[in-house]
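The values are calculated or read from the model by the stated rules, or taken from the named source; none is laboratory data. Quick caveat: nothing in here was measured; it's all calculated off a predicted structure. Using ideal geometry, Cβ is built from the backbone for each residue, glycine included, and neighbour counts are taken over all protein chains shown. Surface accessibility is based on the protein's heavy atoms, side chains included, excluding ligands, DNA and RNA. Shrake-Rupley method; radii C 1.70, N 1.55, O 1.52, S 1.80 Å.
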Amino acid sequence: MKIDRAELREIRLPLREPFAISSGVWSERRVILLRLEGEGVEGWGECVAAEDPSYSPETTDTAWHVLTRFLVPGLPGREIMGPAEVFTHAPWVRGNRMAKAAVEMSVWDLWAKSLGVPVWELLGASGRAIRVGVSVGLQSSDDTLLEKVEGYLKEGYARIKLKIKPGRDVEMLRAVRDRFPEVSLMADANSAYTLSDLPRLREMDDLDLMMIEQPLGHEDLLDHATLQADLRTPICLDESIRSLDDLRLALHLDAGRIVNLKPGRVGGLAESLRIHRHCSERQIPLWCGGMLETGIGRAFNVALAGLPGFTLPGDISASRRYWERDIVRPEWELSSGTITPTSEPGIGVEPDLERIDALTHRKVTFPD
Ligand code: OSB
Ligand code: MG
């Protein structure tokens, strides 16, 4: 298939409420969207890079630079053999996986639409309802947190993930555990601890948590292995896993026993499929994480999470958990703790172009 035209834009979309994690707080997203045209159809993708480098070294601005200078200009006019081969023109681009993933996922959407099938089908997933959980940001007090958690449980979320950091951890987790003894509960530290916090981390072992996500440094696989040997609670790796190679090393070291897979973090869906297969073959529990995506990026997560190896509820919440109004129609909605992909071709939801235009801060097209 030949790509005729590419359009990159940055939109700004305020979150309904600020989202705070140990390393930073976000109140407005600056999201890069990519639209590709070819053979009479169009494919959309979203870059998950955040506004600041508090989660990953990539940011909206570094991704914009890499996309506009190196990844997208070569696309129009190119013959593409399939979504998995999209980077044959730029194999020399190192890292920058979030920027690459935006391109790769747009091609999956384009490819699926040209075949008239949903992305999930192209991935080999089922169109089943996906059990989903919610990620709850750091709150100013335990009372506000308990109220929030109660609200999400009423909405039907199947699992609660609480953001933690030193000073807001064991007591806070215990308050939620005491109030909701039966709830599937986990904690995400976003690399806020070191091995010197071992006594504190050991206290979390008694709270019946499904897992502790990324407690230590984003490059500290060895320390994660030391910690995992000390804890009964499984460690789930997020920031540490940027590729299948990272995962192979992590498993070799026993640095974690559960994987949070975010397609945007690992360079796209082809690498996600490899990670999914690697985990499935070894019975490593896997779930699909999120990066505060709009309805476009969210669609890829919903599609991917229908693969059989995704055995735990993902961080795939409904559009309204983050947005007053999403940029796709229909919006992603929750039903009995699940989100179900549509059977429409491609990502299965329609980008609302009028609204996207109104939110656009910069835009470039190739060829111009
Ligand atoms: O660590 O999983 C994380 C959001 C932004 C950056 C990192 C993380 C998160 C979340 C929210 O936890 C997941 C979501 O609902 O999109
Ligand atoms: Mg995380």
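Points to keep in mind about this one:
- Checklist (1) surrounded by fewer than 18 Cβ atoms within 10 Å (Cβ to Cβ); (2) touching a residue at least 12 places away in the same chain (Cβ under 8 Å); (3) outside any loop (DSSP other than H, G, I, E, B) applied to Asp357, failing item: (2)
Okay, residues lined up against (1) in contact (Cβ under 8 Å) with a residue 40 or more places away in the chain; (2) touching a strand residue (DSSP E or B) at 6+ places or on another chain (Cβ under 8 Å); (3) over 28 Å from Ala229 (Cβ atoms):
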position	(1), (2), (3)
Lys163	yes, yes, no
Pro181	no, no, yes
Ala187	no, yes, no
Asn190	yes, yes, no
Pro199	no, no, no
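- Glu271, sole failed condition from (1) within 15 Å of ligand 1 (Cβ to nearest atom); (2) in contact with a helix residue (DSSP H, G or I) (Cβ under 9 Å, 6 or more places away or on another chain); (3) of a type in the set (Asp, Glu): (1)
- Matching residues, the stretch 298-312, being under 14 Å from the mean Cα position of the chain (by Cα) and open to solvent by less than 10 Å² (accessible area, probe 1.4 Å): Arg298, Ala299, Phe300, Asn301, Val302, Ala303, Leu304, Ala305
- Filter result for the condition that a residue is crowded, with 20+ Cβ neighbours inside 10 Å, at negative phi and modelled with pLDDT of 95 or more, over Val149, Val170: Val149
- Test: residue in the stretch 19-40 that is among the β-branched types (Val, Ile, Thr), under 25 Å from Ile164 (Cα atoms), out of contact with any His (no Cβ under 6 Å at 6 or more places or on another chain) and not in a helix (DSSP H, G or I): yes
- Every listed requirement among (1) more than 16 Å from ligand 2 (Cβ to nearest atom); (2) open to solvent by 10 Å² or more (accessible area, probe 1.4 Å) is met by Gly337 save one, (2).
- Qualifying residue in the stretch 200-209 (condition: within 16 Å of ligand 1 (Cβ to nearest atom) and not assigned by TED's automatic domain parsing to the domain that holds Ser56): yes
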